[in-house]
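A.B. asks: Supplied in structure tokens, the structure appears directly below.
The values are calculated or read from the model by the stated rules, or taken from the named source; none is laboratory data. Quantities reported herein were computed from a predicted structural model and do not represent experimental measurements. For neighbour counting, all protein chains shown are included, and Cβ atoms are generated from backbone atoms with ideal geometry for every residue, glycine included. For the accessible areas, the whole protein counts, side chains as well, though only heavy atoms, and no ligand, DNA or RNA atoms are used. Shrake-Rupley method; radii C 1.70, N 1.55, O 1.52, S 1.80 Å.
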There are 4 protein chains.
Amino acid sequence: MTDSLDQLNAQLLQFARERDWEQFHTPKNLVMALAGETGELLEHFQWLTETQSATLSDDKKQQVGYEMADILLYLIRLAERLDIDLIAAANEKIAINAIRYPAAKVRGDARRADDYRSYAVDQK
Amino acid sequence: MTDSLDQLNAQLLQFARERDWEQFHTPKNLVMALAGETGELLEHFQWLTETQSATLSDDKKQQVGYEMADILLYLIRLAERLDIDLIAAANEKIAINAIRYPAAKVRGDARRADDYRSYAVDQK
Amino acid sequence: MTDSLDQLNAQLLQFARERDWEQFHTPKNLVMALAGETGELLEHFQWLTETQSATLSDDKKQQVGYEMADILLYLIRLAERLDIDLIAAANEKIAINAIRYPAAKVRGDARRADDYRSYAVDQK
Amino acid sequence: MTDSLDQLNAQLLQFARERDWEQFHTPKNLVMALAGETGELLEHFQWLTETQSATLSDDKKQQVGYEMADILLYLIRLAERLDIDLIAAANEKIAINAIRYPAAKVRGDARRADDYRSYAVDQK
């Protein structure tokens, strides 16, 4: 009800309406915008080692936080346009992943889901 | 406190620990994984018109919802690793955008921020 | 022999060596850089209609051309690092696609390959 | 004239025409498709260390080669639709980068262009 995502969603709706931007916010366009922001996030990390990526300066961390915020905001906006319950979908996806990647089998191994699916077929 | 993102974060932490996957969840890797999921989201929309993108079938909508969930889950996971408050960053970003794009000036116009910055410089 | 991609590859190798940048050019990093450039390309098109996207101004076209160049350059650089023959792979992929999407069956229909694969299974 | 990219371009044009797919190949859509393929490329590398990313198995290398081919093919297709000379743009971009990143200044340092631009402004 007073959940953080709901509050952000309401603000974004008002923001778009005040600017008459709803006409641009088709799902196709929002997906592109979300992916564009993801590109900006990648650029912050592309030349860092994995270790460096875990020890960002305060300044860098703020910049990265804003890129992540942009992604979240477009995600919320897209969910509103498509009438998708993002939290419900996330909970379902966690449940699916729990079945797809049983802890006992995948411990310490992060291969792609596709690789596991191939494996499953091989074992039949 | 009992916010939806906090609950998802707690579940994801436990999920990673049970699988000994924290070793793979460096910020650099999580950013790549998030971007990979964004690619999957794009693929659902690439050949649709803007109009079609707003009228997905129920089946397609569920698939799209799960891709969006994947993005959200990696975003939460990344925020946890970097100790970033995603909601606070999103609220700050909305405030920044309100200044960067004054409703009176940008009504009905969705050019890129860069274009506005050029414009601002031209008007000086 | 004097193919354009070979010439670009030689220039990029020299460019990286003169700057001692080979240490950063691991395949993982180059893939991220390539994806970052793809994000920049997306940003040019995200608010355009499909029709507008086909009628760019000269200025915009030049900017888009440079983003595409960045993607090509990272692609060439990555192929060099992985010892992959990009042109051979492209020719093979065209041959694979010709089998996967027979003209007689897919005329005027651009669904995803996955959808066709599901279809193929259904018809068995 | 008989350059590899020209040959691929001609094949792709014919491929699209035989399937009546030119209607889907608007620049906006092709950019999305290109970005979708980039996402698939990322997925191959997201859990690999930088070292592992440089020593792929033969099987993995072939898969990665095909993802790279997909990106190249969409890049060529997009260049054709926009009437952009990809090789000329790439050569220009190398020349621009040579000025933007003087070897003497950036040796062994791969910060983002933006960081260098800030630096340049600071030094004025």
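A.B. asks: Go through the residues of segment C:75-88 one by one and say whether even a single one is within 10 Å of chain A (Cβ to nearest Cβ) and either out of contact with any His (no Cβ under 9 Å at 6 or more places or on another chain) or under 26 Å from B:Gln46 (Cβ atoms) (or both). It would help to see each step written out before you state the result.
C.D. replies: Going residue by residue through segment C:75-88, those that are within 10 Å of chain A (Cβ to nearest Cβ) are none.
Looking for residues that are within 10 Å of chain A (Cβ to nearest Cβ) and either out of contact with any His (no Cβ under 9 Å at 6 or more places or on another chain) or under 26 Å from B:Gln46 (Cβ atoms) (or both), one finds none in segment C:75-88, hence no.
A.B. asks: When only residues in segment A:1-42 that are within 7 Å of chain C (Cβ to nearest Cβ) and open to solvent by 20 Å² or more (accessible area, probe 1.4 Å) count, which is farthest from C:Trp47 (Cα to Cα)?
C.D. replies: That would be A:Glu40.
A.B. asks: May I pose another question? List pairs: first residue in segment A:55-82 and more than 15 Å from A:Leu5 (Cα to Cα), second residue basic (Lys, Arg) anywhere in the structure, Cβ distance under 7 angstrom, at least six positions apart or on different chains.
C.D. replies: Pairs found: A:Tyr66/B:Lys93; A:Leu82/B:Lys61.
A.B. asks: Can you work out which of the residues in segment D:43-62 that are under 17 Å from the mean Cα position of the chain (by Cα) and not charged (D, E, K, R) is farthest from the other protein chains (Cβ to nearest Cβ)?
C.D. replies: So in segment D:43-62, the residues under 17 Å from the mean Cα position of the chain (by Cα) come out as D:43-45.
Now drop any that are not not charged (D, E, K, R), which leaves D:44-45.
Working: D:His44: 8, D:Phe45: 5 Å.
Selected residue: D:His44.
A.B. asks: If you check every pair at least six apart or on different chains, which have Cβ atoms under 6 Å apart with a residue in segment D:93-107 that is part of a loop (DSSP other than H, G, I, E, B) first and a residue that is surrounded by 13 or more Cβ atoms within 10 Å (Cβ to Cβ) second?
C.D. replies: D:Arg107/C:Arg19; D:Arg107/C:Asp20
Listed here are the residues, each with its yes/no results for (1) at pLDDT 95 or above; (2) in contact with a Ser or Thr (Cβ under 7 Å, 6 or more places away or on another chain); (3) charged (D, E, K, R).
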site: B:Ser53; (1), (2), (3): yes, yes, no
site: B:Leu56; (1), (2), (3): yes, no, no
site: B:Lys60; (1), (2), (3): yes, no, yes
site: B:Val64; (1), (2), (3): yes, no, no
site: B:Met68; (1), (2), (3): yes, no, no
site: B:Leu78; (1), (2), (3): yes, no, no
site: B:Asp85; (1), (2), (3): yes, no, yes
site: B:Ala89; (1), (2), (3): yes, no, no
site: B:Pro102; (1), (2), (3): no, no, no
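A.B. asks: Where the second residue is basic (Lys, Arg) and the first is within 15 Å of B:Asn91 (Cα to Cα) and lies in segment A:4-24, which pairs have Cβ atoms under 7 Å and are six or more apart or on separate chains?
C.D. replies: Pairs found: A:Leu12/A:Arg77.
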